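Below you'll find the structure, written out as structure tokens, and then a few comments.
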Amino acid sequence: MDSPRKSKKATLNREPKRSQNQSSTPPQKDAYARLLSQHHSSKFSSYLEQYAKDTSFQREDNGPSPQFNPQSDRLSMPLQQRDQVLCDFSDSSDFSPSSTKSKGEESSLSLYMEKLNIRNAQQDCESRQGVSDRQQRRGQRRDTTTSHDGDVESAEELGSLKPSDSKKHQKQQRKNKDSNRDVGPKETDSSVGRSQSPKKSKKKSLPKHPGDGRVRERAVKSGVDVQMSSPKSPRGRDKNSPLDCSSSANSPADKGKTKGGRGLKKQVFEAYMSSEEVSHSLKRGELIQGQLRINPKKYNEAFIPSPGGTRDIFLDGIVARNRALNGDIVVVQILPREQWKVVRSDTDCEGASESDTPIVQTATKKMASTPNPDNIAEGQCSDQEEFSGKYQNKSGEPLGDQSTPRSNGAILQKTAKVVYIVEKKHSRAATGFLKHLPDKPFALFSPVDHRLPRINVPLADCPEDFASRPSDYTSTLFICRITDWAANSNFAEGRLAKSLGQAGEIEPETEGILIEHEVDFSEFSEEVLDCLPQNLPWSIPPDEMRKRKDLREECIFTIDPATARDLDDALSCKQLPDGNFEVGVHIADVSYFVEEGNDLDAIASQRATSVYLIQKVIPMLPRLLCEELCSLNPLVDRLTFSVIWKITPEGKILNEWFGRSIIRSCVKLSYDHAQSMIEAPEKMFTAEELPPVDPVHPIDEVHQAVLNLHSIAKNLRAQRFLGGALRLDQLKLSFTLDKETMMPQGCYIYQYRDSNKLVEEFMLLANIATANHIYRKFPELALLRRHPPPKAKMIDELQELCDQLGIDIDLSSAGALHKSLNTTLGNDEYTSARKEVLTHMCSRPMQMALYFCTGVLKEEQLFKHYALNVPLYTHFTSPIRRYADIIVHRLLACSLKCGPRIRLSTEDVEKQASHCNDKKTLSKRVQELSSELFFGVFVKECGPLDSEAMVMGVLDQSFDVLVLQYGVQKRIYCKSVTGLDSFRHRKVGKKSELTLLWTAEAPEAPPVEQVISIFTLVEVQLKSDDAPLKYSAVLKRPEDSTS
């Protein structure tokens, strides 16, 4: 009898060979399968069941017998993947319930026996489906592309989809892989039919098979990711694998369930390497460090950036992640080449978003899909630079050639496993629901975010009557914090932090979002408040006035959103006798009040940014500062940092001046006020039409200054885009709220107008000027902002797709892309919609803009900002809400000898830059979730909502649409469309197309055919789901659309 160790080696050696055979020739239906198709008697079934039990007993005592070694690799697959492995590579992409049902019956005798064992184990696990069903209804939060504070922000987890999606049989593979995880119907394209025979298996757990456990353990120890040891379902978490059932049956202290009755601990995850081993291996280039990104829609997929900017490295499954959570900085070990993933194109390798892309085969037998880069969101006063994309890798060198072309045109993508967690960047906090486990001293916590594990929490943490009345808490949201996750458990340990309230209500949901994303919304401590001026009302000290340029007599004003309370920038424009203009940008001097190193500075650096929700703002600084002493409110003296240029009417800068100053804003204009002035240059505005204006400056003077700024801004803008700048505008959803309840009364797409562009141009000009100044003075210490160019491979793929779609677009540079996007895409009412879809496609290859310290990056070429097409850029104009700007102010003051000496080192600045990057990403995500929350309420209260929609991308069983009236993006799954008889997918090159066949309404009439491709117009209805605050886009019949 072979030892388990020998069996393991034999199994692993056979895997690559078997996989290659699979991919090269379609397997034929074997004799066992034909036998099973002819014998379904109860006697025969009983015989097979008894045979399976005997086999299980033999494996328990002695390990896998030699004759079953060839099957042991199959045991590491989910059940339905094993059932359908013979038909996964069917060429057909047509759908019909009958055809898909027959495919699932091709299985071997051993697999059939395992299915019999499953039926015996179903009752053990099905009782745990309550929490799962609730979670499945909730689904994941959809990403949106909204921004409140005016910058172009990075949208870390936006739903996008890849034009280069593969055929239906690849999707079927992913269905097989995820079948034991109970993927919700609205969350995946894993099934081609609504009535497939394998569907029942989705609601049932896998058998408690001793042999399976041994194979899994051996695979884990050898570095092979075994999907059956991944208990956490992407949608419903209570339909479990054997590891689920065993873990849930034990207390947290008894996680090490005995295996095979021998009392051995079941090692689910590998032990981490020591820090010394990791350090040495990183230096030798044997390991790679990077930030982990987990696909929100398919949680079993994760990625880290590859060194050198080549294809992302793929981590297949939970075991490969080794207890690391989304955002963690991890060290990974590349797996053997035979376990790399086979992809069909370069863009299939990119893993930054959560789109429902197809499954591809790995070099062994694992199936996985690849997400693609994220999108951008742009707001009122954009810096135009925070494009989404990949996190940057921090160390490690390329381990040889990243890809190897294969004879069929496919490419190998590296796969890896986590061996060490460098930094736990994830908060380890989760919003979710509690489930009572009878006779257990703990409860099961199921996070809403399915990328997190389920958590065992002590009953003592739960409400007093939870054990006796668990049904009372079915829809109650809780916050739980993970405290530990042992290597021999699929479940983490945690402590319940608090009860948030009823799921579906705005405030509990909002609080959960904030806590999950580590947004500090607590009140400022007494120590922090003691750092503020104590003598109120505060006035500028006389000695401070003597140090500054006095601009209080100048016509200076603010232009902001009507609801803004933190006014950190003001403008001035005075015509000179020679026909030129003196233009000033005046920024709140926050660094005067926030002294380096005190408690106020510490909390500001920790928060790093204000967070803008739909109904409120979580400020970075105490309100006394951000809404009063620093805010450039009208008719009061305020301390500022000013940049003043002498500039020609054409926008040519003749000279510039930096310095600390004092201003007195004469009026607070909204964007609407400024827009009215721009649109009516000859109009005489009355006092009733505007906010209060300082009588020293007549309304006409303010009006003329706005018109002059607008004229100069148009010239500056034209020069920027002629010089090669890029702007990717995406729709932003805004809400009108009830002043008392703060509930949404209406929503609309925010209009970006000339008044917004006016402010944007001068903010960009000030940021660019400041970047050049501080870099010149502090070449090793300057805090700048860079924007790397898009991924070349993805740009090439996008170019190929656009060529096939007949779209004339030049992706060779930022400027060429901007020019192409502004070329007319038709000349009708849908031109703007087509431009929005194309903008969405072009945003996917873009990377994020990042803060950095110039002393860390040695190559000046890396400083460049791709979108703005400038060599140096920074953030200077929003110090009330961004801590990075405060550091820039300190550098500027020091360089001008009007501020204290900088005490920061290069390492300090780089560390703070990295922290600001993290907080900015989290802040952006929170803003998106807040917008999604309010739109869900709006749909519930005012829906169903009908709208035209334009197709943004097509997969093999679903497609994404832009809902034109509301600017939201939703995915429509063909299998969920009511009235659809069948559908088929066709792909030529990069162009993907779905043909939907609608059931005929008349008995003798033929089916109604509808072709879905990019730019197709469809009619949809937004309807509220059963789950709180969730909604779906329902596709209408074509004839309904035209009636």
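With respect to the conditions (1) touching a Phe, Trp or Tyr at 6+ places or on another chain (Cβ under 9 Å); (2) open to solvent by less than 10 Å² (accessible area, probe 1.4 Å), ILE880 falls short on a single one, namely (1). Restricting the range 555-579 to residues that are in contact with a strand residue (DSSP E or B) (Cβ under 6 Å, 6 or more places away or on another chain) and of a type in the set (S, T, N, Q), the residue that is least open to solvent (accessible area, probe 1.4 Å) is THR558. In the range 695-724, how many residues are of a type in the set (D, E, K, R) and outside any helix (DSSP H, G or I)? Within the range 695-724, residues that are of a type in the set (D, E, K, R) and outside any helix (DSSP H, G or I) number 0. I'd like the full set of residues that are touching a Gly at 6+ places or on another chain (Cβ under 7 Å) and surrounded by 16 or more Cβ atoms within 10 Å (Cβ to Cβ), limited to the range 678-720. Result: ILE712, ASN715, LEU716. Which numbered condition in (1) open to solvent by less than 10 Å² (accessible area, probe 1.4 Å); (2) more than 30 Å from LEU891 (Cα to Cα); (3) in contact with a Gly (Cβ under 9 Å, 6 or more places away or on another chain) is the only one that SER982 fails? Unmet condition: (1).
Checked against (1) assigned to a helix (DSSP H, G or I); (2) open to solvent by less than 10 Å² (accessible area, probe 1.4 Å); (3) within 30 Å of ASP566 (Cα to Cα), ARG925 passes all but a single condition, namely (2). Selection over the range 969-979 of residues that are assigned to a strand (DSSP E or B) and either within 22 Å of GLY806 (Cβ to Cβ) or open to solvent by 10 Å² or more (accessible area, probe 1.4 Å) (or both) gives a count of 4.
Checking each residue in the range 1022-1035 for being at pLDDT 85 or above and buried (at least 17 other Cβ atoms within 10 Å of the Cβ) picks out LEU1022, SER1024, LYS1030, TYR1031, SER1032, ALA1033, VAL1034, LEU1035. Screening the candidates PRO470, PRO453 for the property of being farther than 22 Å from GLY327 by Cα and of a type outside the set (D, E, K, R) yields one hit, PRO470. Going through ASN375, ASN295, ASN322 one at a time, which residue ends up being open to solvent by less than 10 Å² (accessible area, probe 1.4 Å), under 30 Å from VAL961 (Cβ atoms), of a type outside the set (A, V, I, L, M) and at pLDDT 80 or above? Going through ASN375, ASN295, ASN322 in turn, the sole match is ASN295. Being aliphatic (A, V, I, L, M), within 21 Å of VAL1008 (Cα to Cα), surrounded by fewer than 22 Cβ atoms within 10 Å (Cβ to Cβ) and in contact with a Ser or Thr (Cβ under 9 Å, 6 or more places away or on another chain) is a description that does not apply to LEU964. Meeting the requirement of 2 or more residues that are open to solvent by less than 30 Å² (accessible area, probe 1.4 Å) and of a type in the set (A, V, I, L, M), the helices (runs of 4 or more DSSP H) wholly within the range 453-554 are 506-516.
The set of residues from the range 851-877 being under 28 Å from LEU817 (Cα atoms), surrounded by 21 or more Cβ atoms within 10 Å (Cβ to Cβ) and not aromatic (Phe, Trp, Tyr) comprises HIS865, ALA867, LEU868, VAL870, LEU872, THR874, HIS875, THR877. Please count how many residues of the range 980-1028 are in a loop (DSSP other than H, G, I, E, B), over 22 Å from VAL968 (Cα atoms) and touching a residue at least 60 places away in the same chain (Cβ under 8 Å). Result for the range 980-1028: 2. Among residues of the range 756-767 that are within 13 Å of GLY651 (Cα to Cα), those with a Cβ under 7 angstrom from a residue that is open to solvent by less than 10 Å² (accessible area, probe 1.4 Å) and assigned to a helix (DSSP H, G or I), sequence gap 6+ or separate chain, pair up as LEU758/ALA674; LEU758/LEU709; LEU758/ALA713; GLU761/ALA713; PHE762/ALA713. Just one residue in the set GLU628, GLU650 is over 40 Å from the mean Cα position of the chain (by Cα) and open to solvent by 40 Å² or more (accessible area, probe 1.4 Å); that residue is GLU650. Looking for something farther than 23 Å from SER930 by Cβ and either crowded, with 23+ Cβ neighbours inside 10 Å or among the polar types (S, T, N, Q) (or both) - is there at least one such residue anywhere in the range 736-745? Within the range 736-745 (the criterion being farther than 23 Å from SER930 by Cβ and either crowded, with 23+ Cβ neighbours inside 10 Å or among the polar types (S, T, N, Q) (or both)), the answer is no, since none of the residues qualifies.
Only residues that are of a type in the set (Ser, Thr, Tyr) and open to solvent by 10 Å² or more (accessible area, probe 1.4 Å) were counted in the range 421-442, giving 1. Counting only helices (runs of 4 or more DSSP H) wholly contained in the range 579-694, the ones carrying 3 or more residues that are within 30 Å of GLN745 (Cβ to Cβ) occupy 671-679.
The values are calculated or read from the model by the stated rules, or taken from the named source; none is laboratory data. Keep in mind that this is a model prediction, so the values were computed, not measured. FYI the Cβ positions are ideal-geometry reconstructions off the backbone, even for glycines, and counts take in every protein chain you see. Remember, those area values only see protein heavy atoms, side chains included, never the ligands or the DNA or RNA. Shrake-Rupley method; radii C 1.70, N 1.55, O 1.52, S 1.80 Å.
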